[in-house]
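For reference, the structure discussed in these notes is given below.
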There are 2 protein chains.
Amino acid sequence: MRIALVQMSMSPDPQANLAKACARVREAAANGAQVVCLPEMFRSQYFCQRQDPSLFDLAEPIPGPSTESLGAVAAEAGVVVIAPLFERRAPGLYHNSLVVLERDGSIAGLYRKMHIPDDPLYHEKYYFAPGDLGFRSFRTSAGHIGALICWDQWYPEAARLTALEGPLVLFYPTAIGWHPSEKAAFGERQHGAWETIQRAHAIANGVYVAAVNRIGHERLAGDGIEFWGQSFICDPFGEVLVRGSADREEILYAEADRAVQEDVRRNWPFLRDRRIDAYGDITRRFSGDFSK
Amino acid sequence: MRIALVQMSMSPDPQANLAKACARVREAAANGAQVVCLPEMFRSQYFCQRQDPSLFDLAEPIPGPSTESLGAVAAEAGVVVIAPLFERRAPGLYHNSLVVLERDGSIAGLYRKMHIPDDPLYHEKYYFAPGDLGFRSFRTSAGHIGALICWDQWYPEAARLTALEGPLVLFYPTAIGWHPSEKAAFGERQHGAWETIQRAHAIANGVYVAAVNRIGHERLAGDGIEFWGQSFICDPFGEVLVRGSADREEILYAEADRAVQEDVRRNWPFLRDRRIDAYGDITRRFSGDFSK
């Protein structure tokens, strides 16, 4: 399975972003990609920097305009597309979602971000209801894939539950960056932790991991966010196969191979030895007591 | 909390190994350590390289000779000791265990390795029954710590369940190394995956991780195992604070600080957003179907 990640910047114009995304999908397909993944909410700048009810106008239904346009591109180019969208499900009910489009243009599946952050300049709990579809994988014509979104990447449970469905690759469309005031002191460590934990999901689960981030300094509030790019694909051993720059638009490609997955899992058979009899308390919020 | 890891080599003589361990614990305490952790089954060479019923003679009861000797050292030096032992629980029932010794020499707790590997030269399923005490933390007089053993380190569930008890540090006594025939081709990647996944446990859970390995080339079967040392301690951000060599005996020290843990968890509040309503299927062996 040849996969591609579209690392791009977003302008204030959603139509321009859609047009750019469509062009990149065509380019990736022309270069042999069978599955192309776009960054989280590629249609807009990262509006969650501030709370503004008018910004819900950016949301759209699924199916809707984006799935129609990208579905046509998917069909034309004969490629599976992972398209993260701001989903309008009902008045007052919105999700941070992604759609998997088949290479005939049809909708193969929907995932709604399960873990919703809320931090300075990342006011996602204001905009998005937590996903209610659980962790999902998709058996596409190009192969079996899993897909999660951004903040999900910090949760080993999310990677595990998706991997237990049996996919070859976990995709993580993302919008993560630096607060400019923190970059000098913490930027390298923040990026390092982000890459490390996703490589660990690959290792723990014997899957490829493909994370695609945006680039650019978007100033919608305060000093804005400097998105750190550095999209990457790693193999089931956690080895980074390809890594993007921090500041350029580019398409990353890699081959994901079931034979490699089989070999890695035979040599380090972690799935064999899981203590499923002893994991029940993972559904607890906390087990300790800090008052002691 | 000042912690210390004793990276050491093991001789064929269990008494000599115990004497060396006692000396190192004293040295670490003299250098200010409040908690000292020894490597997995420090009393012997890694006998699991072959299956031999006579090797069960290496096991001992808990409490037993090792807890008596090390308990005396702990009391004398005023230090908490994590002592991994080959536990004889009953005839025909053995565990790969660890004991936490308080600084008055008493036994503060017992953990029995939950995940048991079984691979060429690592015939652990022959020797050890899987642990039946679950994942545990220990509120010692030096602070609240968690402890797991070796193969456990590949399981995000083990780190999470232990971390949910509230400890500041997860200790991982270990015996891991290279098959000499694989070292050139895979050695660096194997070690890299090992360190990466443990750093990820620190990041996901906002805890310090302290992993202590043995060194030396032990030839008990075939070409033996070349233990890769490189014990390390990382902070709740996953940053490696100190890392040992691959081939020298040494004691590693680091400070673990509740204020650092608090700060890291406030800035990346992963525990807040866990979807405990959606993790129940983590107790399944597998959810997919490869026959399709």
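Per residue of peptide A:283-290, the mean number of Cβ atoms on other chains within 10 Å of the residue Cβ is 6.
Protection proxy ranking for B:243-251, A:32-40, using the average of other Cβ atoms within 10 Å per residue and placing the highest first: A:32-40, B:243-251. Using the Cβ-Cβ distance between B:D281 and B:A23 with R0 set to 51 Å, the FRET efficiency from 1/(1 + (r/R0)^6) comes to roughly 0.55. Output ³J(HN,Hα) for the stretch B:72-89: one whole-Hz value per residue in order, computed from phi by the Karplus curve 6.51 cos²θ - 1.76 cosθ + 1.60 with θ = phi - 60°, and x for Gly and Pro. Whole-Hz 3J(HN,Hα) from phi for the stretch B:72-89: 5, 5, 4, 5, 5, 8, x, 9, 7, 10, 9, 10, x, 9, 8, 8, 8, 9.
Calculated mean residue ellipticity, 222 nm, chain B: -8500 deg cm²/dmol, from DSSP H runs (n ≥ 4) at -39500 (n - 2.57) each, averaged per residue and rounded to 500. At a threshold of 10 Å², the residues of the stretch A:136-160 that become less accessible to a 1.4 Å probe in the full protein assembly than in their chain on its own are A:R139, A:W151, A:W154, A:Y155, A:P156, A:E157, A:R160. In this structure, A:E68 and B:N267 have a Cβ-Cβ separation that, at R0 = 51 Å, corresponds to a calculated FRET efficiency of about 0.80. Taking only protein heavy atoms and a 1.4 Å probe, the accessible area of the protein assembly as shown is 49% carbon and sulfur.
So, in Å, what gap is there between the alpha-carbon centers of the stretch B:214-243 and the stretch A:1-47? Value for the Cα centre distance between the two parts: 42 Å.
Evaluated over chain A, the count of Lys pairs having alpha-carbon atoms less than 30 Å apart is 6 (only pairs 8 or more residues apart or interchain).
Where the centroid of each part is defined by its Cα atoms, how far is the stretch B:172-206 from the stretch A:128-154 in Å? Here the two parts' Cα centres lie 28 Å apart. Going from the chain on its own to the full set of protein chains, the stretch A:247-273 has these residues losing 40 Å² or more of accessible surface (heavy atoms, 1.4 Å probe, no ligands, DNA or RNA): A:W268, A:F270, A:R272, A:D273. Annotation: the antiparallel percentage among DSSP beta bridges lying fully within chain A is about 70. Burial of accessible area (probe 1.4 Å, heavy atoms of protein chains only) in the stretch B:182-203, relative to its chain alone, reaches at least 20 Å² for B:R189, B:Q190, B:A193, B:T196, B:I197, B:R199, B:A200, B:I203.
Rolling a 1.4 Å probe over the protein heavy atoms gives chain A an accessible area of 34 Å² per residue. For B:D119 and A:E60, the FRET efficiency from 1/(1 + (r/R0)^6), where r spans their Cβ atoms and R0 equals 45 Å, is about 0.35. When accessible surface is computed with a 1.4 Å probe, chains A and B are found to bury approximately 6000 Å² between them, both chains counted.
Once backbone amide H atoms are built at 1.01 Å from N, B:R274 has no partners under 5 Å, excluding neighbours fewer than 5 places away on the same chain.
The values are calculated or read from the model by the stated rules, or taken from the named source; none is laboratory data. If you're wondering where the values come from, they're calculated on a predicted model, not measured in any experiment. A quick note on method: Cβ atoms are made from the backbone with ideal geometry, for glycine too, and the neighbour counts reach across all protein chains shown. We work out accessible area using only protein heavy atoms, side chains counted, and drop any ligands, DNA or RNA first. Shrake-Rupley method; radii C 1.70, N 1.55, O 1.52, S 1.80 Å.
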